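The values are calculated or read from the model by the stated rules, or taken from the named source; none is laboratory data. Remember, it's a predicted structure, so these values are computed and weren't measured experimentally. Glycine gets a Cβ as well: all are built from the backbone with ideal geometry, and neighbour counts include every protein chain shown.
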Protein chains: 4
Amino acid sequence: MIILMQFGATQAQIDAVCDVIRQQEVEPLVLPGEDRLAIGIPAALTADQRDHIEAALSTLAGVSKITQTSRPYKLASLEFHREKTTVEVKGVQIGPGHFVVMGGPCSVESYDQFYVSAKHVKAAGARIVRGGAFKPRTSPYSFQGLAEEGLKIMKQVGDDLGLVTISEVMSGDMVGLVATYVDILQIGARSMQNFPLLIEAAKSGKPVFLKRSPSATIDEFLLAAEYVLSYGNKNVILCERGIMPLDRSYTRNTLDLSSVPVLKEHTHLPVIVDPSHGTGVSKYVAPMAKAAMMAGADGLMIEMHPDPSAALSDGSQSLTPEQFAALMDDLRSLSGYCGLKM
Amino acid sequence: MIILMQFGATQAQIDAVCDVIRQQEVEPLVLPGEDRLAIGIPAALTADQRDHIEAALSTLAGVSKITQTSRPYKLASLEFHREKTTVEVKGVQIGPGHFVVMGGPCSVESYDQFYVSAKHVKAAGARIVRGGAFKPRTSPYSFQGLAEEGLKIMKQVGDDLGLVTISEVMSGDMVGLVATYVDILQIGARSMQNFPLLIEAAKSGKPVFLKRSPSATIDEFLLAAEYVLSYGNKNVILCERGIMPLDRSYTRNTLDLSSVPVLKEHTHLPVIVDPSHGTGVSKYVAPMAKAAMMAGADGLMIEMHPDPSAALSDGSQSLTPEQFAALMDDLRSLSGYCGLKM
Amino acid sequence: MIILMQFGATQAQIDAVCDVIRQQEVEPLVLPGEDRLAIGIPAALTADQRDHIEAALSTLAGVSKITQTSRPYKLASLEFHREKTTVEVKGVQIGPGHFVVMGGPCSVESYDQFYVSAKHVKAAGARIVRGGAFKPRTSPYSFQGLAEEGLKIMKQVGDDLGLVTISEVMSGDMVGLVATYVDILQIGARSMQNFPLLIEAAKSGKPVFLKRSPSATIDEFLLAAEYVLSYGNKNVILCERGIMPLDRSYTRNTLDLSSVPVLKEHTHLPVIVDPSHGTGVSKYVAPMAKAAMMAGADGLMIEMHPDPSAALSDGSQSLTPEQFAALMDDLRSLSGYCGLKM
Amino acid sequence: MIILMQFGATQAQIDAVCDVIRQQEVEPLVLPGEDRLAIGIPAALTADQRDHIEAALSTLAGVSKITQTSRPYKLASLEFHREKTTVEVKGVQIGPGHFVVMGGPCSVESYDQFYVSAKHVKAAGARIVRGGAFKPRTSPYSFQGLAEEGLKIMKQVGDDLGLVTISEVMSGDMVGLVATYVDILQIGARSMQNFPLLIEAAKSGKPVFLKRSPSATIDEFLLAAEYVLSYGNKNVILCERGIMPLDRSYTRNTLDLSSVPVLKEHTHLPVIVDPSHGTGVSKYVAPMAKAAMMAGADGLMIEMHPDPSAALSDGSQSLTPEQFAALMDDLRSLSGYCGLKM
């Protein structure tokens, strides 16, 4: 942390700032400048120390600006954990050198619908099938999912076809139930800062697939991952799925693909991109999927439905099985170019 | 809903769109235009009908643009419920004609700290005391609250001083516990679309204080309220607390005060403003609090701490008791000007 | 500026950073930390020095994060210019202690329309009349203004009624023309970073009314003002008129009222609020106008048209003369409460 | 346009709306609904008709919501101009089937610096060289460019090496000067809605390279292009260069790659991506450049400097000649995969 004093700050004001820092048992460093003086804190502060210093400084005169100089996450940081993480689930590797695709319908609607979907996923060469059993819907009047019945279907189909399964869990008290049936726990974008849920998901021991909130900064996203990591669960997979759009009239969100190289530089965790939610429009999914691979993503989550026009949710962003298979073919040929196994 | 066809759309394409609409048992209305034709749906669609039509149309050729013409909330709408709602809690009225202030520290830190805070709140003329027992913190390393111990302190202090209490509940399975101790259940901004929590809070029968997510549109905010209302709980209080900032270097959020007249026009529910989180800077709280009253708010939630520089959380946005009392005096004199009881 | 080195940065990497700084003839200060080292630059850098250092550091290994610790504006800063600025135009004072209202139609449409508008402005007690002669319109097919003819009308009406006039100038080569006719030059939000225009407006010697771009941070806004100030023109008036909206379906922009106390703390320049463009909806203008006064604004710019439903531009955000007069009455009674002359 | 009436709107209110529409000589179509009635306007309105109707409706009671059903641009629209545009400049084709790269330094700093830069551009296989002579800088204290001297250098170097040149023009009165020296006129992001400049650039007859403003919606972007097209200049090239960032601490802007497939669907104009400004960080340029090709872009604009650490502007986002050449090699091998000539 560095505190910039106002032009003309008095010695008493400077001393008061130094006292606040010393109360946290850290020795401040005074940096004389040409027209303004700055005070540095040459130590790694705990979150509580930082909070206390900020609060105390906010009441002092003569302070112009407080700047955080460090990054707030540690376990998620590539600086402190130099080896890239590979999450392995039933033989499927999610991490560097591989390119994994998670496909399937937005919602599990019936055994038949999900079985057919999963067969298409498998036939196209993907090894993870997705589907929602508990659906977070903006409107209380929209279809809310099949709940436990949907989970049972997922497990059955996953076992029958030898596919890894992933499904969303919406609250901490449901983690146990969902973890009984599925292989990877998905934390939805709206739940990224549902801290009780993050903690329970972490404790389950299952891999946690964490979607970025549409309003989350990179630091907030990595701090949410830090929650899971700090409870001892190392298998965290990050997912970029679009941030708040500047323009809602053409796409549902703004897929922030530059977050991929940013995340790859700063964290060791795998990064997946979801172009289905990221754009909300099925015809934009394929170009953005290929773009995501080039941006350095470790894989994709893609919505595919046997009959998008009859889907109970998110039909307008779902690929048909044919479109999905064609995209998988394209990705495979590009993956060779990128040196990725697929 | 209205569907704009592309310039030069064929009769077959037009027929296909009409068929999709008729499958939902609604008769489409074709609107000939000068260069493009539009197809209207002259009926109130259910959410599922709308989802189906959108999904089906997304796969059809010749469609240029789909526009929702109606508002998606109903129970929350002033159009369908012409009487403004007043939420009454232990004799305190939150709604038109009154201006209510909820004051208190970010976190309940100890009995003494909370008792002193609450005495200041009461002395300044406010009747509702706030305090956090379960704290949603961005970093896992920050103070997380006293949990149930904090709730017990709140209840004790509320009873001792005759103040209404409000505290945040972070997950559905905790609603029962929190509802045992406090008078109003607060749903935090990060939980605005935590649907299991909204449903449990609704069922508790307690008034629900719903904060707007920093990325929520007005429709998304009112649909979250609609969840609570649709489970039979009519006592919903809305709270504007700042949206995602364009510029994070001077304020923590952008307090969206124009949401106040927008909400007052479209919903019957009371609207409270939180300038403490809305700005994140204590010196901006008083001007924005007074501005909120002028914008038409029904009240305020304000952070006040006996010693902000020693607060365990959010000290930099907390008023001192003296600042809080001075603000209450200012608000009281303005309330007369606005014809509000306070 | 402070440079955070990566965890485990080598001595050679640290030396390389110090060398870059020394090339700008500044002596770096090394700040040892617990797990990461930081390097401070204890001097006020010129913009070019800063640019050079940033560019050079971007190519070096071992650098984790570069943070600006100072504010980039100087002439606009209250720290370096402790006296608040009052801009005086023909006896009208814009600055502390006063509350000034600029009213009038979006566009000058004809002599009669503008004369009637200006009479209403004057009758309601305002002393500055606004009107557009050159209109920046998003669509090339919308009404573009009367051009010089409009300016002549403004001058005539301003002289006849003894009102100060303000109108927008859209390009540097038009400054001379517009300055011949009007008292205050308005720089529109879309032109905030039209630097050739800022420079010409500065040189004209006329007061410059500078609107904030909808995407501008506070620093970018004050740097635009700095352009004008740096060319020797001290009469700069800032105007908040709404930033990019999160939600375009209820308001045209998001009026960022908290920018008012932020600006008042950091600059000596007067701050005006435009709730007409800020909301885009006439019924929200009055509450937001009063809120702006409470937030600490030095005045308002408000669109009023004799017959909004017949306006050639922006009719949906224009007040009627009656609404304008009623708002002026409200503001006058509030101004007494705030200790402002009006 | 479609007007949704409020629930319970009276016949008189409905008639008043219809009258407003009829005043524009269009016959309204009343759409009865289950609980609310809508009124459609089955005609292509002019911009002025639309403005008038909106203004008039804003003053009427009983109106719930006004929705635009059509797109506001026409000449830029792929619907009305089914053939994709190829802009040809001195034998270089910008448009479908080709992938063009514009490389070079942010600023022209000297003959030697620009000549060396251009040689590297050419050696790497690119055919268009960029460089700024008039620099729009946020701070008045930053390097502002060599002005006409810079243009002369560009022309000389372009002629010597047989490269097409592109440079920014910042105001309408400078168009003539800049057009004398360079082949393509660049309109910078801050000037996207500088309408006098757009008009002059259009009239020059030179190809116009139009950068998207960081706050522009797709419609606003295409309407800016519409200005140029409506003055008879068909050679407009669009450039996505990053929108306002949610998070300014890792990238300078948010490169909105999904705008590429959106634009390709809705306009016939070529679309170029600028990952240098889009990210502001040289190490993110290559992945985002390749991602842009996959997203469907027709080319790239990339900053390259012989010695980024000595650049007078934007050094931190400039590639070295070696990085640029390597990227060009990568792009060439990918272009074969995409069926693009390069």
_So B:SER318 ticks every box in (1) crowded, with 24+ Cβ neighbours inside 10 Å; (2) at pLDDT 95 or above but one. Which box is left unticked?_
(2)
*Cβ-Cβ below 8 Å, separation at least six or inter-chain, first residue in the stretch D:93-122 and touching a residue at least 12 places away in the same chain (Cβ under 8 Å) and at positive phi, second surrounded by fewer than 24 Cβ atoms within 10 Å (Cβ to Cβ) and of a type in the set (Lys, Arg): which pairs?*
D:GLY95/D:LYS84; D:GLY97/D:LYS341
_Count - residues of the stretch A:136-152 that are part of a helix (DSSP H, G or I) and surrounded by fewer than 19 Cβ atoms within 10 Å (Cβ to Cβ)_ = 3
*Could you run through the stretch D:180-192 and say how many residues are outside any helix (DSSP H, G or I) and either modelled with pLDDT under 95 or more than 14 Å from chain C (Cβ to nearest Cβ) (or both)?*
5
_Given (1) over 17 Å from the mean Cα position of the chain (by Cα); (2) more than 9 Å from chain C (Cβ to nearest Cβ); (3) surrounded by fewer than 24 Cβ atoms within 10 Å (Cβ to Cβ), number of the condition D:LYS283 does not satisfy_ = (2)
*Please report, ordered by residue number, the strands (runs of 3 or more DSSP E) entirely within the stretch B:16-107 with at least 2 residues that are over 35 Å from the mean Cα position of the chain (by Cα) and not assigned by TED's automatic domain parsing to the domain that holds B:ALA311.*
B:29-31, B:38-40
_Candidate set: the stretch A:108-124, residues that are of a type in the set (A, V, I, L, M) and assigned to a loop (DSSP other than H, G, I, E, B); chosen: the one nearest to A:MET342 (Cα to Cα)_ = A:ALA124
*May I ask you to list the residues in the stretch A:1-32 that are out of contact with any strand residue (DSSP E or B) (no Cβ under 8 Å at 6 or more places or on another chain), closer than 18 Å to C:GLU79 by Cβ and of a type in the set (Val, Ile, Thr)?*
A:THR10
*Output the residues belonging to the stretch B:253-271 that are surrounded by fewer than 24 Cβ atoms within 10 Å (Cβ to Cβ) and closer than 24 Å to B:GLY104 by Cβ.*
B:ASN253
_Residues within the stretch D:249-272 that are under 19 Å from A:ALA292 (Cβ atoms) and assigned to a strand (DSSP E or B), tallied_ = 2
*In the stretch B:201-225, what residues are charged (D, E, K, R) and either within 22 Å of B:THR254 (Cα to Cα) or crowded, with 24+ Cβ neighbours inside 10 Å (or both)?*
B:LYS211, B:ARG212, B:ASP219, B:GLU220
*Kindly provide the set of residues from the stretch A:201-216 that are outside any helix (DSSP H, G or I) and touching a helix residue (DSSP H, G or I) at 6+ places or on another chain (Cβ under 9 Å), ordered by number.*
A:GLY205, A:LYS206, A:VAL208, A:LEU210, A:LYS211, A:ARG212, A:SER213, A:PRO214, A:ALA216
*Which residues, counting only those in the stretch C:176-195, are over 22 Å from C:GLY299 (Cα atoms) and surrounded by fewer than 23 Cβ atoms within 10 Å (Cβ to Cβ)?*
C:GLY176, C:LEU177, C:ALA179, C:THR180, C:TYR181
*Would the stretch B:210-217 turn up any residue that is more than 12 Å from chain A (Cβ to nearest Cβ) and touching a strand residue (DSSP E or B) at 6+ places or on another chain (Cβ under 9 Å)?*
yes
*asked:* Restricting to the stretch C:301-315, and then to whatever is assigned to a helix (DSSP H, G or I) and crowded, with 21+ Cβ neighbours inside 10 Å, can you tell me which residue is nearest to the other protein chains (Cβ to nearest Cβ)?
replied: C:GLY315
*State whether one or more residues within the stretch C:162-174 are over 17 Å from C:GLU303 (Cα atoms), more than 8 Å from every other protein chain (Cβ to nearest Cβ) and not charged (D, E, K, R).*
yes
*For the stretch C:44-63, which residues satisfy the criterion of being within 7 Å of another protein chain (Cβ to nearest Cβ) and touching a residue at least 12 places away in the same chain (Cβ under 8 Å)?*
C:ALA44, C:ALA47, C:GLU54, C:ALA56
_Complete set of residues in the stretch A:223-260 that are charged (D, E, K, R) and over 15 Å from D:PRO261 (Cβ atoms)_ = A:GLU226, A:LYS234, A:GLU240, A:ARG241, A:ARG248, A:ASP256
_In the stretch B:17-43, the residues that are of a type in the set (Val, Ile, Thr) and away from chain A (no Cβ under 14 Å)_ = B:VAL26, B:VAL30, B:ILE39, B:ILE41
_Residues that are among the charged types (D, E, K, R), more than 19 Å from B:MET328 (Cβ to Cβ) and without any contact (Cβ under 8 Å) to a residue 24 or more places away in the chain: does the stretch B:126-144 have at least one?_
no
*Do we have any residue at all in the stretch B:77-92 that's polar (S, T, N, Q), within 14 Å of chain A (Cβ to nearest Cβ) and crowded, with 16+ Cβ neighbours inside 10 Å?*
yes
_Output for the stretch C:299-342, where each listed residue is polar (S, T, N, Q) and more than 21 Å from C:LEU263 (Cβ to Cβ)_ = C:SER309, C:SER313, C:SER316, C:GLN317, C:SER318, C:THR320, C:GLN323, C:SER333
*Residue check for B:LYS135: of a type outside the set (Ser, Thr, Tyr), under 30 Å from B:ILE3 (Cβ atoms) and within 14 Å of chain A (Cβ to nearest Cβ)*: no
